[in-house]
1. In segment 16-38, what residues are among the small types (Gly, Ala, Ser) and either within 19 Å of residue 95 (Cα to Cα) or surrounded by fewer than 23 Cβ atoms within 10 Å (Cβ to Cβ) (or both)?
2. Can you tell me which residue among 134, 74, 54, 82 is under 13 Å from the mean Cα position of the chain (by Cα) and closer than 23 Å to residue 43 by Cβ?
3. Looking at 80, 70, can you tell me which residue is modelled with pLDDT of 95 or more, touching a strand residue (DSSP E or B) at 6+ places or on another chain (Cβ under 8 Å) and under 16 Å from residue 8 (Cβ atoms)?
4. Identify, please: which residue in segment 85-104 is part of a helix (DSSP H, G or I) and polar (S, T, N, Q) and is, among those, surrounded by the most Cβ atoms within 10 Å (Cβ to Cβ)?
5. Exactly one condition in (1) modelled with pLDDT under 95; (2) surrounded by fewer than 18 Cβ atoms within 10 Å (Cβ to Cβ); (3) within 18 Å of residue 91 (Cα to Cα) is not met by residue 41; state its number.
6. If you go through segment 88-101 one residue at a time, do you hit one that is of a type in the set (A, V, I, L, M, F, W, C) and touching a His at 6+ places or on another chain (Cβ under 8 Å)?
7. Take segment 2-28 and flag every residue that is modelled with pLDDT of 95 or more and over 18 Å from residue 137 (Cα atoms).
8. Within the bounds of segment 105-126, is there any residue that is in a helix (DSSP H, G or I), free of Cβ contacts under 8 Å to residues at least 60 places away in the same chain, surrounded by 14 or more Cβ atoms within 10 Å (Cβ to Cβ) and hydroxyl-bearing (Ser, Thr, Tyr)?
Amino acid sequence: MKILFVCTGNTCRSVLAHYYGALLADQKKMPLEFFSVGLSAHKSIVQPPIVAQLLEKEGVRGFSHIPVRLTSELAEGADLILCMTAVHRDRVKESYPSAAEKTFTMMDYAGLGDYDIPDPYGRGDRFYVKIFALIKSAVQALLEKLEKKV
């Protein structure tokens with residue numbers, strides 16, 4: 001199963017979900033593939049150092065990521081598309097109608113409520129820590145839900 005996380009610039013929220021999800025799925029030996037993209041991603045956008053620091057604390061070693069923009073190939077190739085906000089979800093559905101039925105907000109699909117995961121970009125390390133805690137909860141709930149399906 002291929003899971004695609006979507007945010008704006010593909011430098012923090014979707015990246016944290018992607019790599020943390022891959023780590024947990026590997027630990028649980030779940031046959032899942034994780035990817036992350038941004039609606040406005042560009043390879044020249046600088047990744048905040050706190051992202052690597054947070055992932056390293058969880059056990060993600062040798063972290064390296066270059067932002068990737070969402071394409072029709074990526075959207076159509078995913079089995080599940082999880083967006084950080086309702087605006088992201090709506091843009092994905094509008095831009096890629098064939099992917100509409102497999103596109104959700106991450107929090108809603110995880111069963112934690114249909115609300116947005118705020119963008120921490122440029123808001124300080126403490127805000128990143130709070131957002132990552134929220135993402136970790138959502139990823140854990142997501143994997144519990146998928147364990148029943150896989």
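1. Taking segment 16-38 as the starting set, the residues that turn out to be among the small types (Gly, Ala, Ser) are 17, 21-22, 25, 36, 38.
Within segment 16-38, 22, 25, 36, 38 meet the criteria.
2. On the way: 134 fails: closer than 23 Å to residue 43 by Cβ; 74 fails: under 13 Å from the mean Cα position of the chain (by Cα); 54 fails: under 13 Å from the mean Cα position of the chain (by Cα).
Within the list 134, 74, 54, 82, the selection yields 82.
3. Values: 80 fails: under 16 Å from residue 8 (Cβ atoms).
After ruling out the rest, the residue left standing is 70.
4. Applying the first criterion (part of a helix (DSSP H, G or I)) to segment 85-104 yields 86-95, 97-102.
After this cut, where a residue has to be polar (S, T, N, Q) as well, the list is 95, 98.
Working: 95: 14, 98: 10.
Here the answer is 95.
5. Going through the list (1) modelled with pLDDT under 95; (2) surrounded by fewer than 18 Cβ atoms within 10 Å (Cβ to Cβ); (3) within 18 Å of residue 91 (Cα to Cα), residue 41 breaks only (2).
6. no
7. 2 - this is the single residue of segment 2-28 that is modelled with pLDDT of 95 or more and over 18 Å from residue 137 (Cα atoms).
8. Yes - at least one qualifying residue is present in segment 105-126.
The values are calculated or read from the model by the stated rules, or taken from the named source; none is laboratory data. Here the structure is a predicted model, which means the values were calculated and not measured. A quick note on method: Cβ atoms are made from the backbone with ideal geometry, for glycine too, and the neighbour counts reach across all protein chains shown.
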